[in-house]
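Structure, as structure tokens:
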Amino acid sequence: MSGIDWTNIPLEKFFRVDEEQEDGTVRTITHPHGEGVAQRLVMSISNDVLHAYEGLLSLEDGERFEAAGEVPIIRDGRKGYEPLDSLTLADLPAVLDTLAAMEEEATRLDAERKRRRRNALAREKYKLKKLDLGEW
């Protein structure tokens with residue numbers, strides 16, 4: 001066994017960690033938990049989670065992420081915000097639920113925008129048709 005606490009280490013800590021030295025300088029450790037297949041898998045999950053959030057954040061949540069590094073997370077049916085860099089493998093079920101809810105909301109909003117656009121185009125087409133017929 002490797003002795004790694006897979007579930008409680010923040011996902012991003014599998015890739016790059018800054019370690020302060022005795023002399024006060026900071027040394028970056030690229031693979032602090034090793035470079036094995038398992039470690040690369042966790043790094044991949046970390047990267048995928050980041051990109052999934054980036055693709056689904058609303059404007060408001062995107063601003064919060066930029067300012068505070070926090071992303072939405074749904075736990076026990078309640079939406080809250082947590083730092084992305086604190087999420088661990090143990091948080092993965094909540095992250096997946098959150099991403100699924102965010103995707104569903106994005107799909108719903110997109111469908112609503114398309115419906116409004118179609119209605120606006122139909123109204124415009126109707127007005128133009130009335131103009132062509134001399135009804136204005």
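Here are a few things to note about the model shown:
- Cα-based convex hull volume of the chain per residue, rounded to whole Å³: 177 Å³
- Size of electric dipole in segment 11-108: Cβ of Lys, Arg +1 and of Asp, Glu -1, about Cα centre, debye, nearest 20: 300 debye
- MRE, 222 nm, helices only [DSSP H, n ≥ 4, -39500 (n - 2.57), over the chain, to nearest 500]: -18500 deg cm²/dmol
- Between amide H atoms placed 1.01 Å from N, distances below 5 Å from E82 occur with V71, I73, all of them 5 or more places distant or on a separate chain.
- Neighbour-count order for M43, M102, fewest beta carbons within 10 angstrom listed first: M43, M102
- Cα lying deepest toward the dipole's positive end in segment 11-108, options T88, A68, I29, charges on Cβ: T88
- Sorted by Cβ neighbour density within 10 Å, fewest at the top, the residues L109, L56: L109, L56
- Area projected by the alpha carbon convex hull of segment 50-116, averaged over all directions, nm²: 4.7 nm²
- For P72, the shell of other residues with beta-carbons less than 9 Å away shows a net charge of -1, using +1 for Lys and Arg and -1 for Asp and Glu.
- Given 12 as the ceiling on other Cβ atoms within 10 Å, longest exposed-site-free region of the chain for GluC sites (Glu not before Pro) in DSSP loops: 36-134
- Of the DSSP H helices in the chain, those whose Cα atoms cover at least 15 Å axially and whose Kyte score averages 0.0 or more: 37-56
All of the numbers you see were taken from the coordinates with simple rules; none came from a lab. Predicted model, so just to flag it, every value in this text is computed and none were measured. Methodologically, a virtual Cβ is constructed for each residue, glycine included, from the backbone with ideal geometry; neighbour enumeration extends over all protein chains shown.
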